Amino acid sequence: MNNIQLKKILFYGASGIICLLLFIFSFKDSNDYETYKQACYSSAFNAKVTRIKKNRDYYITGEDARGENTEFEVYDVWNLKGLQVGDSIVKHKGEWKIKIVKKDTTLYVEPEFPVQ
């Protein structure tokens, strides 16, 4: 192998490693939950649950205070395993807690954000 080919191999190898490191560090910085947290904080709903669908998030259909059907999404940072059809679910804008009103009890659910 001559000297020019060796320099090309070292140059391209070092360039690839540098690009990989830059990609990893830029991806780590963009993996920020602040916009996600802001969306969770600013969401609001108040409905009596008529249907629950769980994929990654909770998709809830319910009846609001005016008697109209409403559909909304609740992010999976809230553990809503205790929520059933017939319960009321309330979250005010600017609060973290979700209130689940059952026939005989009231539950408060706090969000659980992943640790960065």
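The values are calculated or read from the model by the stated rules, or taken from the named source; none is laboratory data. None of these values were measured; they are calculated from a predicted model. For accessibility, only protein heavy atoms count, side chains too; no ligands or nucleic acids. Shrake-Rupley method; radii C 1.70, N 1.55, O 1.52, S 1.80 Å.
In square angstrom, rounded to the nearest 10, how much accessible surface does residue 50 have for a 1.4 Å probe?
70 Å²
Need one value: the accessible area of residue 105 in square angstrom, 1.4 angstrom probe, rounded to the nearest 10.
60 Å²
Excluding ligands and nucleic acids, what accessible area in Å² is computed for residue 34 using a 1.4 Å probe, to the nearest 10?
Accessible area, nearest 10 Å²: 100 Å².
Cross-link list 48/99; 54/97; 37/102; 37/97; 48/81; 54/93: which exceed 18 angstrom alpha carbon to alpha carbon?
54/97; 37/102; 54/93
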